[in-house]
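Asker: Take this structure first; my questions come after.
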Amino acid sequence: MAKKETQICCFCAGTAAGDMPLVPSPVFEGVYICESCAKQINSLFDQYRSAQPDTQKKNAVKMTDIPKPQEICKFLDNYVIGQEEAKKFLSVAVYNHYKRLSQDTSDDETEIEKSNIILVGPTGTGKTLLARSIAKLLKVPFTIVDATVLTQAGYVGEDIESLLTRLLQAADYDVAAAERGIVFIDEIDKIARKGDNPSITRDVSGEGVQQGLLKLLEGSIVNVPPQGGRKHPEQKMIPVNTKNILFICGGAFEGIERRIAQRLNTHAVGYAQAGRMSKEERENLLHHVAPQDLRAFGLIPEIIGRLPILTNLNPLDRTALRRILTEPKNAIIRQYVKLFKMDKIKLSFTDEALDTIVDKAIEYKLGARGLRSIVETVMIDAMYEAPSSKIKKLSIDKDYVISQLQKANFESISNNIEQE
């Protein structure tokens, strides 16, 4: 008669008793564990979990740390001149985003949903500068991406999911932190569909990209390539939930003023009705931009519905351009003064010189970017010669500005722009 095998717990070496059975392993024959050891192991796991940092708590935003909308707007005033309405919309949107992250949904059925925002304004009015400035203040991951490089999956260009790769990089690949971040999509107008007529060719960089953006803006779990670029089957993906990611879109929408004018004049007959609109309103038709104008421009209704907050940036007038030259913390003139100070040269500009630079920038109609182009042209010779000279002071006057622009053929370039 064969001897019965004795069952022994592999952890404490205890044998089975009347009220303490041993549980066999479903994988390895002859391996058992007792109830006491199982409880001790479960207790060790509980201690391990409690010792680990709670990712949600670590990334939680406290209400006391949230900057108020007026505080956010005041911070933006240090970098962006004018554009009060756009600052107000952005400040409120970011403040509400913070509150969404700090909301407690455990005892309340009401859940605050995000409101993505779209900025419309001419080139050089400060759309990207607003985004870069507000990124300095935020305590959540923030990234700026360009929509012009995006195409549908399978075509030359970048996949739409690569937008979130930059956000992951900004969050040091902390997925929980990235899922509470903010993405600024620049040049959103460049993905407008090319036309309403069906074609044998696919609109892979226009309407196709818009269709792909829908799931990101609405909120869904997206598989993101960690290094960006194209996705392929062998690549390991990182799942990211976009439900709590705030999207801010910006675009120049060149030519949308004509569509706004057509809409405003739909019920207007004769010159008397047109005369009711002030000269300022006629020059700044973007102030009247509406979702139907974006649809006429080429954005699909589904993506417009996912960007519920629509605001515009005003064209920069002469006064604003003059202030942009000297007042912001990163003003163009301040940058050049600092560059020359590093060579121990004191640089200064006369008021007449600054006025001349502003007048030329208005001729080009390139907004604040035109200011940098002109100042760079005016200062190129001085930056080349001054470091090797022994001068300690350099003053730029109106005559020097005009002579440098004439030397660079700026006058002929300006005339060609006016003729076009």
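The values are calculated or read from the model by the stated rules, or taken from the named source; none is laboratory data. Everything numeric in this text was worked out from a predicted model, so none of it was measured. Glycine gets a Cβ as well: all are built from the backbone with ideal geometry, and neighbour counts include every protein chain shown. For accessibility, only protein heavy atoms count, side chains too; no ligands or nucleic acids. Shrake-Rupley method; radii C 1.70, N 1.55, O 1.52, S 1.80 Å.
Asker: Roughly speaking, what is the centre-to-centre gap between the stretch 371-403 and the stretch 108-186 when only Cα atoms are used, to the nearest Å?
Answerer: Value for the Cα centre distance between the two parts: 38 Å.
Asker: In what sequence, largest accessible area first, do Arg49, Arg318, Arg306 appear using a 1.4 Å probe?
Answerer: The most accessible residue leads, giving Arg49, Arg318, Arg306.
Asker: Using only protein heavy atoms and a 1.4 Å probe, report how much of Asp172 is accessible, in Å² to the nearest 10.
Answerer: Per-residue accessible area (Asp172): approximately 130 Å².
Asker: Moving on to the next point. Assuming R0 = 45 Å, what is the FRET efficiency of Ile380 and Asp104, from their Cβ-Cβ distance, to the nearest 0.05?
Answerer: Efficiency at R0 = 45 Å is approximately 0.20.
Asker: Return the FRET efficiency for the residue pair Asp351, Tyr48: r is the Cβ-Cβ distance, R0 is 56 Å, and the value is rounded to the nearest 0.05.
Answerer: Step by step, r from the Cβ atoms, then E = 0.20.
Asker: Right, another one. Please calculate the 1.4 Å probe accessible area of Lys341, with all protein chains present, and give it to the nearest 10 Å².
Answerer: 150
Asker: What translational diffusion coefficient, in µm²/s and rounded to a whole number, does the Stokes-Einstein relation yield for the stretch 335-393 at 4 °C and a viscosity of 1.567 mPa s, taking the hydrodynamic radius as the Kirkwood radius over Cα pairs?
Answerer: 105
Asker: Compute, for Leu44, the solvent-accessible surface of its heavy atoms (probe 1.4 Å) with the complete set of protein chains present, and express it in square angstrom to the nearest 10.
Answerer: Ignoring ligands and nucleic acids, Leu44 comes out at about 110 Å².
Asker: Over the alpha-carbon set of the stretch 366-405, work out the extent along each principal axis and list the three values in angstrom, largest first.
Answerer: Computed over the Cα atoms, the extents are 36, 18, 14 Å.
Asker: Rounded to the nearest 0.05, what FRET efficiency is calculated for Arg132 and Ser220 with R0 set to 41 Å and r the Cβ-Cβ distance?
Answerer: In this case the efficiency is close to 0.90.
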